[in-house]
Amino acid sequence: MSTDGRTTLTAEARMEFLLGLRQRGIRDTRVLRALEQVPRERFVGEAQARHAFDDRALPIDCGQTISQPYVVAAMTQALDVRSAHKVLEVGTGSGYQAAILAHLAKEVVTVERYRTLADTAQERLLALGLDNVTVIHGDGMLGAPDRAPFERIVITAAAPEVPEPLIAQLAKGGVLLAPMGPHDGVQMLTRFEKSTNGKLTSEELMAVRFVPLVGGKAASL
């Protein structure tokens, strides 16, 4: 083990972080293992690294945030990703959620509207050897139709309704997870399931707060 003070602190914080998640109901051992394997401190700026395992959202570039650890864990557990699944993520952000999913799924496709975030996330994921993730700079509301269908879709930004293209790209029997509600208030994390006849059923899981889902692409900021 390194004797570097920051490394030791991070190791201790990681242990407390995982224990806290278990105490709050995250019991899926595959999810906990994935969270343990991904160094969250690599997905925030240097100034925020010491807060990486605090249970709160942290700012990243382009006015976006990396979600609090418990929300990431709860969303991942609710998504119920299996090793044969292809997963679509809308809103790459820092790349942290995609990194977690990469440890659980066969393939992850993640779409980010900000070029700056997409490029940085790609670099981080490749540096960690996560070569089953494809980062696309594009309009998340349109998804990735050339890669569809997806057994799982997760939207990491809030919207009053799920964009139709994403519903179309969800495989029958698939699950879509999204924070639903206004951008200026509390949203409900909602789990949608697509039946074999294409009908969607939904279940509200918990109150959350996310940045708004915005269409189109943005260049570097």
**Message:** Within the chain, how many Lys pairs that are eight or more residues apart, or on different chains, come under 16 Å at the alpha-carbon?
**Reply:** 5
**Request:** Provide the percentage of antiparallel DSSP beta bridges, counting only those with both residues in the chain; round to the nearest 5.
**Result:** 45
**Asked** Picking from Leu79, Ala13, Leu166, whose Cα lies most toward the positive end of the charge dipole for the chain (charges on Cβ: Lys, Arg +1; Asp, Glu -1)?
**Response** Leu79
**Item:** Net charge, Leu200 excluded, C-beta distance under 12 Å - Lys, Arg +1, Asp, Glu -1
**Value:** 0
**Item:** With Cα atoms, 0 to 90° folded angle of helix 5-23 axis to the chain main axis
**Value:** 50
**Message:** How tilted is helix 115-127 with respect to the longest principal axis of the chain? Cα atoms for both, answer in degrees (0 to 90, nearest 10).
**Reply:** 60
**Asked** Which residue, chosen from Phe43, Ala178, Phe150, occupies the Cα position most advanced towards the positive end of the dipole of the chain, where the dipole is computed from +1 (Lys, Arg) and -1 (Asp, Glu) charges on Cβ about the Cα centre?
**Response** Phe150
**Request:** Would you please state the base-10 log of I(q)/I(0) at q = 0.08, 0.13, 0.17 1/Å for the range 5-208, with intensities from the Debye formula using one equal scatterer on every alpha carbon?
**Result:** -0.24, -0.67, -1.19
**Prompt:** Residue separation times 0.36 nm, minus the C-alpha to C-alpha distance between Glu36 and Asp80: what's the value?
**Reply:** 14.1 nm
**Message:** What is the angle, in °, between the Cα long axis of helix 69-79 and the longest principal axis of the Cα atoms in the chain? Nearest 10 is fine, range 0 to 90.
**Reply:** 40
**Prompt:** Using a simple spin-label model with points 7 Å from Cα along the Cα→Cβ vector, what separation in nm is obtained for Arg147 and Ala207?
**Reply:** 3.4
**Request:** Can you pull the one-decimal nm distance between simple spin-label points at Lys106 and Asp55, each 7 Å off the Cα toward Cβ?
**Result:** 3.6
**Request:** Give, as a single signed number, the net charge of other residues whose beta carbon lies under 12 Å from the beta carbon of Gly95, with Lys and Arg counted +1 and Asp and Glu -1.
**Result:** -2
**Fill in**
Surrounding charge for Leu126, neighbours by C-beta under 13 angstrom, Lys/Arg +1, Asp/Glu -1, total -1
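Place a +1 charge on the Cβ of each Lys and Arg in the range 5-208 and a -1 charge on the Cβ of each Asp and Glu, then give the dipole magnitude about the Cα centre in debye, rounded to the nearest 20. Before the final figure, lay out each step's value.
Values: 23 positive and 25 negative charges, 111 e Å.
The calculated dipole for the range 5-208 is roughly 540 debye.
Coordinate-derived values only; no laboratory data. Since we're looking at a predicted model, the values are computed, not measured. Don't worry about glycine lacking a Cβ; one is built from the backbone with ideal geometry, like all the others, and counts go over all protein chains shown.
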